[in-house]
Amino acid sequence: MKLKGWKEVTPGAVVPEAGSALKFKTGSWRSFRPIWIEENCIQCLFCWLYCPDMAIKVKDGKRGEFDYNYCKGCGICALECPGKKGKKAIVMEEEGK
Amino acid sequence: MAKIVAVTGNEASANALRQVNPDVCAAYPITPQTEMMQRFASFVSDGMVKTELILVESEHSSLSACVGASAAGGRVITATSSQGLALMWEILFIASGTRLPIVMPVVNRALSAPLNIHGDHSDAMGARDTGWIQLWSENGQEAYDNTIQAFRIAEHMDIRLPAMVCMDGFIISHSIERLEYLEDEEVRDFVGEFKQMYPLLDLEHPVSYGPLILPDYYMEYRKAQADVESKVAKVVLDVAKDFEKMSGRKYGLFETYRLDDAEIGLVILNSAAGTSKDTVDEFRDRGIRAGLLKPRLYRPFPYGEVGEALKHLKAICVLDRADAFGGSYGPLFLDIATSLYPYQHKPMLVNKIYGLGGRDYLPAHAELVLNELVDITKTGAVKNLKEYIGVRE
């Protein structure tokens, strides 16, 4: 992609385009990876609600696998996950292990 | 029809703000600005303006609220002095870098420590490199006129930068002077309706403010901002021309006083320029060709124009009502020296620091300095490049 020159950038660094975070893949920042354990998932969608990016994909009202392109590994989903009978449906694992 | 009144500088500025009728004002009280926002708050309470007044817990918060309100799409004001301006420091850069045309009267006051509430220019001089436009005002009339013009300059579509309007604390802010007010309708027509470029509240066109800009783009945004600054002087002159048509009062980038055929000259900001003009007259009566230059647009500084106006002089004294610590010279001196640097034949320069913390600047001080300039033109030698005047040994 050709980078813009100084005459082409918007005043004040305003981003005049909605949803442009889609173009900015931040998955490589991650040092911990959330793992979804489907059998413990009650489909409450807390993870989708709390995710600060768009790493939780929801289809037909149900969550599926993570989209790791947008997951920085912050761990908020794992923290908020109520799980089932005391067992979490999302756990964090160190990358590279 | 102009209305002639006797008011303080603070009251005059508050009335200019009332006539502009901004959308949002977020302010915090600080001496000597307090009276201005107190009066403006009364206008809000009395329903004389439609302004949403936000009372905050600090100046860091007041300017932060202004940034949000301006990005949302409003015409926004605040006002401050001294420590308040210092506390705004972080957000000053955010307002200018985000290109938000917030207008802020600054009632100049010394910085602590030692604690002092009186007038000097340390506060605004500390903010001179923040990307804000700075207009400086000799008296209440200029503070009033500059405040009105500041909106047109800051909000000009080629500019879109925040602007400070400076006046001397107490000396101007609390002294009652004869002033001419414009009619409310005249001011409203002059400033026109405000339109934000990318209003956050325009839900049909969603935008993001304050993104992270990494090394691949940061310099492009900075270069773009620097380029905007090069356009400010022309806009200031265009707005001044329109203002003169309405008011009959003439403004430029700076004021020159008996300077065209002068051999020696003073460069001085704000209220002390008035005192100095009287002394220049006395020297002229004695046949000494003295003159004066008083900057008005201090940021961005019109180096080229100032250099052209001063280059023919033999000796100049730049008087600073603020010192720049670190073994440096007064801020105004540094700018004047820079403006004269490109010329092969330059005037001799000296720098005097005066009037700190509200210390009176007297005609005797101007006389002392002009006599020294006469000596310099005779001997061709500068004894002290920088010196405090009006200070006890």
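When residue B:125 is tested against (1) farther than 22 Å from residue B:64 by Cβ; (2) touching a residue at least 40 places away in the same chain (Cβ under 8 Å); (3) assigned to a loop (DSSP other than H, G, I, E, B), exactly one condition is not met: (3).
When region B:152-194 is examined, which residues are found to be away from every other protein chain (no Cβ under 12 Å), without any contact (Cβ under 8 Å) to a residue 60 or more places away in the chain and surrounded by fewer than 22 Cβ atoms within 10 Å (Cβ to Cβ)? Within region B:152-194, B:185, B:189, B:190, B:192, B:193 meet the criteria. For beta carbons closer than 9 Å, sequence separation of 6+ or different chains, a first residue in region B:53-72 that is farther than 27 Å from residue B:203 by Cβ and a second that is part of a helix (DSSP H, G or I) and of a type in the set (Asp, Glu), the qualifying pairs are B:60/B:90.
Residue count for region B:195-230, restricted to those that are surrounded by fewer than 16 Cβ atoms within 10 Å (Cβ to Cβ) and away from every other protein chain (no Cβ under 12 Å): 3. Only one of the listed residues (B:310, B:269, B:293) is in contact (Cβ under 8 Å) with a residue 60 or more places away in the chain and farther than 17 Å from residue B:371 by Cα. That residue is B:269.
Considering B:308, B:263, which residue is more than 24 Å from residue B:355 (Cα to Cα), in contact with a Ser or Thr (Cβ under 7 Å, 6 or more places away or on another chain) and either of a type in the set (A, V, I, L, M) or in the same structural domain as residue B:365 (by TED's automatic domain parsing) (or both)? The unique qualifying residue is B:263. Every test in (1) more than 10 Å from every other protein chain (Cβ to nearest Cβ); (2) surrounded by 13 or more Cβ atoms within 10 Å (Cβ to Cβ); (3) not aliphatic (A, V, I, L, M) is passed by residue A:28 save one, and that test is (2). Filtering region B:310-328 to residues that are out of contact with any Leu (no Cβ under 6 Å at 6 or more places or on another chain) and under 27 Å from residue B:162 (Cβ atoms) leaves B:321, B:322, B:323, B:324, B:325, B:326, B:328. Can you spot a residue in region B:97-111 that is within 21 Å of residue B:193 (Cβ to Cβ), surrounded by 24 or more Cβ atoms within 10 Å (Cβ to Cβ), away from every other protein chain (no Cβ under 14 Å) and under 13 Å from the mean Cα position of the chain (by Cα)? Yes, because at least one residue in region B:97-111 is within 21 Å of residue B:193 (Cβ to Cβ), surrounded by 24 or more Cβ atoms within 10 Å (Cβ to Cβ), away from every other protein chain (no Cβ under 14 Å) and under 13 Å from the mean Cα position of the chain (by Cα).
The values are calculated or read from the model by the stated rules, or taken from the named source; none is laboratory data. What you see is a predicted model; the values in this text were computed from it and never measured. Here the Cβ is made from the backbone with ideal geometry for all residues, glycine too, and neighbour counts use every protein chain on show.
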